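Before any comments, here is the structure.
The values are calculated or read from the model by the stated rules, or taken from the named source; none is laboratory data. Predicted, not measured: the structure shown is a model, and the values here were computed from it. We place every Cβ from the backbone using ideal geometry, glycine too, and count neighbours over all the protein chains shown. We work out accessible area using only protein heavy atoms, side chains counted, and drop any ligands, DNA or RNA first. Shrake-Rupley method; radii C 1.70, N 1.55, O 1.52, S 1.80 Å.
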Amino acid sequence: MPARTVEPRTTQPRNRSAPKPNPLNELSTNVQRILEQAQTSYANHQKNIVALHKVLTEVAEYTSEDKEGNELFVGEHAFDQEIKMALLAVCQEKKGSQPGNRIVRFVSSFIKYLNDKAAEEAGEREDDDDMNLDTTATRLTENLVEFLLKGFNAKDKTVRYRIVQIVSEVILNLGELDSDLYDQLRAGLLERLSDKEWTVRQEAATALCKLCQNENPEEVEDEELTLSESLIDAMKHDTQQDVRQTIVTNLPIDGSFHRASLSPLLERTRDVDKKMRILVFDRLEKNITNGDGFGPTHPRKLTIAQRELIVRNGLGDREPEVRGAAASLITAWVKAVMNDDTVKKEEEDTEEGEAPAKQEGSSAAQDALIELLKMLDLGEGTIAADALLSVLTTDTSKKDFVEQVRFEGTFWQTLTAEKAFLVRVFTEFCRNNKKDITLVQRLEETLPAIKHFAMVIGVFVNNLQSEISAEEEEGFFNDMDDEERERRADAKFNIECIIAELLKIAVNLDYADELGRRDMYKLIRDMLVNNLLPDKLALLSLDVLRELSGSERDFIRIVVEVIQEIRVPGDEEDGEQQERLDPDASLDIDTPSAIAKTPKPKPRSEMSVQERVRQDRLDMRCLCLCEGVLERVNGTFENNSSLHGVLADLIIPCLAREEEEFRDKALICLSQICLISKRFAVGYKNQFVIELNKKAQSEDLKLIVWRALIDMFMVYEKDVMVDNTSPEELVKQFRHLTLQDENTSDEMRTLLCTGMAKLTLSGILIEQEVLECLVISYFAPRNAYNHTLRQCLAYFLPAYCYSSPANQRMMLEVFRGTLRVLGSSREEIDEDEMTMSSPSKIVNMLVEWMDPNEVINAKGEKGAGDMSLHVDLAVEIVSELLDKKSELGKDDKKALCQALGRIYLPDEVDDYKIRHLKLYLDNVIRRRPLRDAVSRNAFAKFKLAVEKRYEKQLEGFSEEDYRQLVEYHEFFEVLDELLPPGEDDEDTPPPQRQPRKGRKRRSESVLSTATEGEDAPRASTSRKRSGAKRQRLSTSDDETSDFEGDDHSTERAPSEASSVAPAPTRVMPKRGATRKPAPEPVIISSDSEEDEDATPRVRSRNSRSSRAGPLAKVKEEDEIRTPSAARNREESIVPDSEEEEEEVNDLLAEDDD
């Protein structure tokens, strides 16, 4: 074929008859050139997308037909193959490869461009009613999805990651897919959401978040989870924080289909990862507005519970970064409310005869703060106050909110609960920042004069009294409907909130103005006497009265006078005269003169029913005031003689009443009196003990009694507070309530454990049983969801152990007992309901708490502990492993062996202790060998570490020699008590387990002498060895314990027996292995009853003659058993003995003869 020549460009038309070049010939070159440019930079993607689409358009024109006349898209198929080859190359690139990421982004953008072009062309054909849905874009898209689905189950994690990444990029640009293909894609992504590689799960989560935006939950089958539910489950339980962060960032929360996803998203504000919590608050802040309307996280779109949850979790977080993110969100709420149309509408709405929302002197920022308070519950703890303080604190320039807050004009005449709350919080904010002169000046400008402030409080007090009186009268004469009753309750609650906030402000006022102080004093005293006011306002009035009083003595005297006036109206002047005549009453409450000074009401026997009801209400109010004043007293009871009459006439009689509410209040008051009077604490201690021992008492009363006893312990300590037998009795009841009584509530357990922890940490109560109960309570499954209790003990236990070496020694004493109790508790729990920590976690925490390097001295320096404590802990651990009566399970013992690696071995240790530890370690190998491979390796490493570190101290060590020393007699008595010599074979196991005794031998030649086909039992040690090993290889069911049976504990290999000499007093069992075996057991051909009982359970499949030569047997068995023997030699702690090998060879030769 002649070569073509390029003719120069002319103005004449091109020759129409010239053949058009086939673009398929240059398809591969063009696609590769475009992709090479695309992988270098994102900037050229748009240009190359257009170029690639042009290439596709050209090749798509080439089609053909098959034999049946169906159209074949040859060009599209070739283009599709080129794209697939490029994607296959990308699949080999690991995560982080930028060229691969650019190609993935380029393919995604190209698919979007292709489908957009197809949609434009379809829109231009409006006259075509039967629009053809089978286009180049749809065919290419479906082929691409089918190709990607094949890689979802690839074995290579890199391929799975890249395939799912490509899907996550192109999933929103796929256009319309066939329903079956969509279902396959959906199922594949859900399966990848559980992939073992977190990178794959992360990309699958991204793809599913995009896919679920258009999913209708109603179209999903009932038994199938929606995509949102699957993503929420992964967001809660996925262990990788990156996967959870991806879902939090991309999970749809707007729209009618996804509103339910907001609550699970808010729960992530308590995620364990700090970055995760910050990300949640950032996501909430970004979705406050949606264009010109409210976004899904706008405060007006959230419920009050959701808003309070955000404020509580965000501002209550321990990390300052999280608190800053939450404060930024709340500030954004205020700014959003400031700009929304609702506030503007309320400001313009001054009709209907009501006061306008915006008062004279107020600003838009101030009104927005008030609107924020309306969205929160002002009576729900400190949530509203924390939210408002966060907004004021984040305003560092003080121009956005601080300077905009003004309480001028008609503000005080139109107070609402929200406005009063704003005044109180703003004054606290200014008072807490006294270093800022600007805020101090603002505080002086904000509050009115005391006389005017008292008048404001008086107006609302009168309004509240009128509301209460009107409600009682109308409820008595007329039946109010629910709507009217609810309206009156809301009005009364708002007035109560206003008065409460004003009283809190009044506590911190400057009462230098005497006229204003007198007006405030008169107002507060009248409020205390008025029994119609709620108890909450009465207690707040006591705080103001305390500031108005000259001294604590005057404060108590005034409150006692108020109590007398309430109980016996009209006797106020007589009481004041008596006080003036004898201001210092007798300190003895039994003195008649002291009791006679207090006026008494009419006896109850002489009262009518209505009078009794009224008197009960007055007595309850007096008890409330008495409790309030005793909480605010810092002096002693003896220095305030006016309290004697209240105790004798009010508190003591109420203790004898049958009504539970009166007895509870009286006990609280009596306990507070005992805290300020040692004499009364000793005199009335029996009253509390009697109330505690009554079985019919309610739990509320027992809570009061326990709280009183613990407080008195803290104040007076146990030697002054109780007699010699009371501590033991209280500890007994404490253990019963916390560990044994299933009906004990979480509140009671929390109170008891918190109180006992305080007493133990302060050194007042030093009881081993109390510490054991506290440790068990921390790990107990019944307290898994008692977060208050667990948080308290999580602080107490390390603080207690690190504060003193003696405390760590106390923890060591309860170590074994704690593990046994927790082990028994774990066995009682079903696996499905397991809420208890694993044994390894429990043991590691206990070992960490007893680390002597963490003990802090008075100077705050670490390393002040007893450095030999961990050596004693190792002795305790090995003792538990040796104990024949141990009740620990195999998991607990495995955890103990693994914990040996965390034991701190000091450079210097007492010879007596380290030799004790060496004796224990040797006896574990000789008497209680470990079967679990993990435990055996951990134990061997620790034993080797001990022998290497203390090599000089253990030089010439022999158990037989130390048994002869008098100073070690006590130690060996303890050791023999754990596992007495000569009693190792008392508990004989079933006959089928006896062949396992041969397992103690470690000689490789012994493993290779027995034939597989011998059915008759053999007495040879080598035969027993072979049988034991054969059972091990066949995974016999007998291997279920971590420790070998007690019946084999003395039958060890000679090499092991040589490492630790046997005791002189040791009684050898019938079949125990010795250093030099007796000649009797060496009869290979003997068929005694004992050997018949010891017939191995595992039989050989192929029967062989027992007369085969030993060399043939050795060779045959070596071919089969050599890997197992080598593994056993590696796992063995003690090396093989040459003497043992020679002995076994002699036995084999004798057997052959």
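Worth pointing out:
- Difference of contour (0.36 nm per residue) and Cα-Cα distance, residue 178 to residue 286: 35.4 nm
- Sparse-neighbour loop sites [trypsin sites (Lys or Arg not before Pro); region 824-897; at most 12 other C-beta within 10 Å; DSSP]: 859, 885
- The relative contact order of region 805-980, computed from alpha carbon pairs under 8 Å that lie at least 6 residues apart in sequence, is 22 percent.
- Low-density loop positions, GluC sites (Glu not before Pro), region 791-870 - DSSP coil, at most 14 other Cβ in 10 Å: 828, 861
- Residue by residue, region 317-325 carries 3J(HN,Hα) couplings of 6, 7, 8, x, 5, 5, 4, x, 5 Hz when phi is fed to the Karplus relation 6.51 cos²θ - 1.76 cosθ + 1.60 (θ = phi - 60°); x denotes Gly or Pro.
- Mean Cβ neighbour count within 10 Å, used as a protection proxy, ranking 247-255, 191-199 highest first: 247-255, 191-199
- Separation of alpha-carbon centers, region 132-174 and region 625-640, rounded to whole Å: 78 Å
- Debye log10 I(q)/I(0) at q = 0.11, 0.13, 0.16, 0.17 Å⁻¹ for region 176-329, Cα point scatterers: -0.45, -0.62, -0.90, -1.00
- In plain terms, the bigger the Kirkwood radius, the slower the diffusion; for region 805-980, with that radius from Cα pairs, at 37 °C and 0.692 mPa s, Stokes-Einstein puts D at 190 µm²/s.
- Rel. contact order, % - alpha carbon contacts under 8 angstrom, at least six apart, region 357-439: 40 percent
- Probing with 1.4 Å while keeping every protein chain in the model, the per residue accessible area of region 726-803 equals 42 Å².
- Rg to Rh, two decimals, where region 726-803 supplies the alpha carbon set and Rh follows Kirkwood: 0.93
- Each peptide in 73-84, 393-404 receives the mean, over its residues, of other Cβ atoms within 10 Å, and ordering these scores from highest gives 73-84, 393-404.
- Here the accessible area is traced with a 1.4 Å probe on the protein chains. For region 726-803, carbon and sulfur cover 51 percent of it.
- Highest to lowest packing among 29-38, 321-330, scored as the average C-beta count within 10 Å: 321-330, 29-38
- Globularity ratio of region 624-690, using Cα Rg and 2.2 N^0.38 Å: 1.04
- Percent accessible area from carbon and sulfur atoms, region 606-719, protein chains only, probe 1.4 Å: 49 percent
- With the convex hull drawn around the C-alpha atoms of region 211-288, the volume per residue stands at 90 Å³.
- Pairs from 885/952; 274/859; 398/434; 894/943 whose Cα-Cα separation, in the structure shown, is over 24 Å: 885/952; 274/859
- Here the 3J(HN,Hα) profile of region 236-249, calculated from phi with Karplus coefficients 6.51, -1.76 and 1.60 at θ = phi - 60°, is 7, 10, 5, 7, 8, 5, 5, 5, 5, 5, 4, 5, 4, 6 Hz, Gly and Pro shown as x.
- 1.4 Å probe accessible area per residue over region 606-719, in Å²: 44 Å²
- 17 Å reach of a label modelled at residue 638, 7 Å along Cα-to-Cβ, counting backbone N of region 680-703: 680-684
- Label-reachable residues, region 689-716, where backbone N falls under 13 Å from a point 7 Å from residue 657's Cα toward its Cβ: none
- Projected label distance in nm at residue 224 and residue 858, using a 7 Å step from Cα toward the beta-carbon: 7.4 nm
- Summed over all non-identical Cα pairs, the Kirkwood treatment of region 512-557 gives a radius of 11.0 Å.
- When the C-alpha to C-alpha distance is required to be over 21 Å, the pairs from 95/157; 504/702; 758/893 that qualify are 504/702; 758/893.
- Sequence-ordered 3J(HN,Hα) estimates for region 673-682 from the Karplus curve with 6.51, -1.76 and 1.60 and θ = phi - 60° stand at 5, 5, 6, 10, 8, 5, 5, 6, 4, 6 Hz, glycine and proline given as x.
- Accessible area of region 805-980 belonging to carbon and sulfur atoms, whole % at 1.4 Å probe: 45 percent
- Dimensions of region 661-813 from C-alpha coordinates, computed as largest minus smallest value along each principal axis and given longest first, are 42, 31, 23 Å.
- Across region 726-803, the mean sequence separation of Cα contacts (distance under 8 Å, 6 or more residues apart), normalised by length, yields a relative contact order of 32 percent.
- Förster radius 35 Å - calculated FRET efficiency between residue 441 and residue 321 (Cβ-Cβ, nearest 0.05): 0.60
- Rg/Rh ratio calculated on Cα atoms of region 606-719 (Kirkwood radius): 0.98
- Of the GluC sites (Glu not before Pro) in region 616-723, the ones in a loop by DSSP (not H, G, I, E or B) with at most 10 other beta carbons within 10 Å are 658.
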